[in-house]
1. Hey, what angle do you get for helix 294-312 against the long axis of the chain, alpha-carbon based, 0 to 90 degrees rounded to 10?
2. Report the gain in length on full extension from Arg207 to Asp255: 0.36 nm times residue separation, minus Cα-Cα distance, nm rounded to one decimal.
3. Could you run the Karplus curve 6.51 cos²θ - 1.76 cosθ + 1.60 with θ = phi - 60° over region 232-244 and give me ³J(HN,Hα) per residue in whole Hz, x for Gly and Pro?
4. Between helix 71-83 and the chain, what is the angle of the helix's C-alpha long axis to the longest principal axis, kept within 0 to 90° and rounded to the nearest 10?
5. Show me 23-32, 280-289 ranked by packing, highest mean number of other Cβ atoms within 10 Å first.
6. Can you find, among Thr314, Ile104, Ser167, the residue farthest towards the positive end of the dipole of the chain? Put +1 on the C-beta of Lys and Arg, -1 on that of Asp and Glu.
7. How large is the charge dipole for the chain, taken about the Cα centre, if only the Cβ atoms of Lys, Arg (+1) and Asp, Glu (-1) carry charge, to the nearest 20 debye?
8. Whose amide H sits under 5 Å from the amide H of Ser203, counting only residues 5 or more places off or on another chain, with H placed in the peptide plane?
Amino acid sequence: MDEDPGAFDPNIPEEGPSAPPPGWLDDIHGYQGHKGGPDDPLYPPPPAYNPQPELNRNTLVPNVRVPTISEDEARRALLQFVETKWTYSAKPARNMTFKELKPIIVYRYRLETYTETRTSAWHFEPYNGQMVDGPQYGMCPQPWDVPVTLPQRYTDMVEKVRVPHTSFIKLCHKCNGIGRTRCGCCFGRGMKRCPFCHGNGRSRNKRCTSCHGRGRKRCSSCLGKGFKTCTICHGSQNLLHFILLTVTWKHNVDDFIPDRQPDFPDKKFEKVTGDPFFIDENVLVYPIQGFPDQEICDVSSKLINEHLNRFRATSRILQQRQTIELVPLTHALYSYKGKDQSFFVYGTENKVFTSKYPSACSIS
Ligand SMILES: [Zn+2]
Ligand SMILES: [Zn+2]
Ligand SMILES: [Zn+2]
């Protein structure tokens, strides 16, 4: 039996690591601390890049008019609502008698902060003669000095930019610059022991039909070559390394509605719009003062502080906007067949919420 191994080329290395090992790449000023993993360092912007809030500054809000709806509008809204519920009859809505339409003042406060965050990591690609923008072309810009095009305000977006002048070429760390790695299935021999006769060439006292008595079979993983093209450099032997900067723009929104209507579920407000009678937009906005609803003043001050603390440590604040919306809410009290009941009309869309609705076929 032939024990001679297949063609074994000692110059073809075993597979190296898929990622460059620690210390493989030199640190670049301003981009230290790369581990090559997903936990890229986060760069807080230099103080000059973030707006500084002025002390003791406040914002005043003009007076507002509370919207009211008529009985016709309330009835129309209810009829529309009843149409969407197949178990409800339109009859009570048509024939009910309104007793009172109580407008309720609901303010929604919203704070939006548009931020930019920058992180970076080493990246590489097979080198095939493409342009190498290395340090010979100049100093690489610091993370917050790399120019990018701002997206439209308040749009979430991620952009990846190659940091200028950080590129260089290095032998592939996986194949050591050979372009090939030894096949791990056959250990570079190109042949494997026949699994049917366990290398004997015979099974059940007959010549093995699988290997034709040779005891060995061609390695199916490398097709008998004993090596594979390097999966990292794709055979090009060299890699182009560069720093990739990830710039993330994010629209951060916080909403607040004081919870004062126990019979009305506040979650309903999330689906409707109101009248944004006060919009204040600037790089930084300041707490609202002197507004008749003190809870809105307090939440404005609280959220503005929260956003400043939360975002300034890691991101650049590009723009802020605070809005007070008057969200229409009317409690409609009515009687039908001698019974007193009620429903709510809410939002500029005049949506209806009711926990109880009379049945049309009650015996009278
Ligand atoms: Zn065999
Ligand atoms: Zn093989
Ligand atoms: Zn390689």
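Read the figures in this text as sums done on the coordinates, not as results from a lab. For clarity, every value in this text was computed on a predicted model and none was experimentally measured. Because the Cβ atoms are built from the backbone with ideal geometry, glycine has one as well, and the counts that use them run over all protein chains shown.
1. Approximately 10 degrees, to the nearest 10.
2. Details: separation 48, 0.36 × 48 = 17.28 nm, distance 8.03 nm.
Between Arg207 and Asp255, full extension yields an extra 9.3 nm.
3. Residue by residue, region 232-244 yields 8, 9, 6, x, 7, 6, 10, 10, 9, 9, 7, 8, 9 Hz.
4. In the chain, helix 71-83 runs at an angle near 40 degrees to the longest axis.
5. Numbers: 23-32: 12.6, 280-289: 16.7.
So the order, starting with the most tightly packed, is 280-289, 23-32.
6. Result: Ser167.
7. Working: 47 positive and 39 negative charges, 548 e Å.
Approximately 2640 debye in magnitude.
8. Correct list: Cys208.
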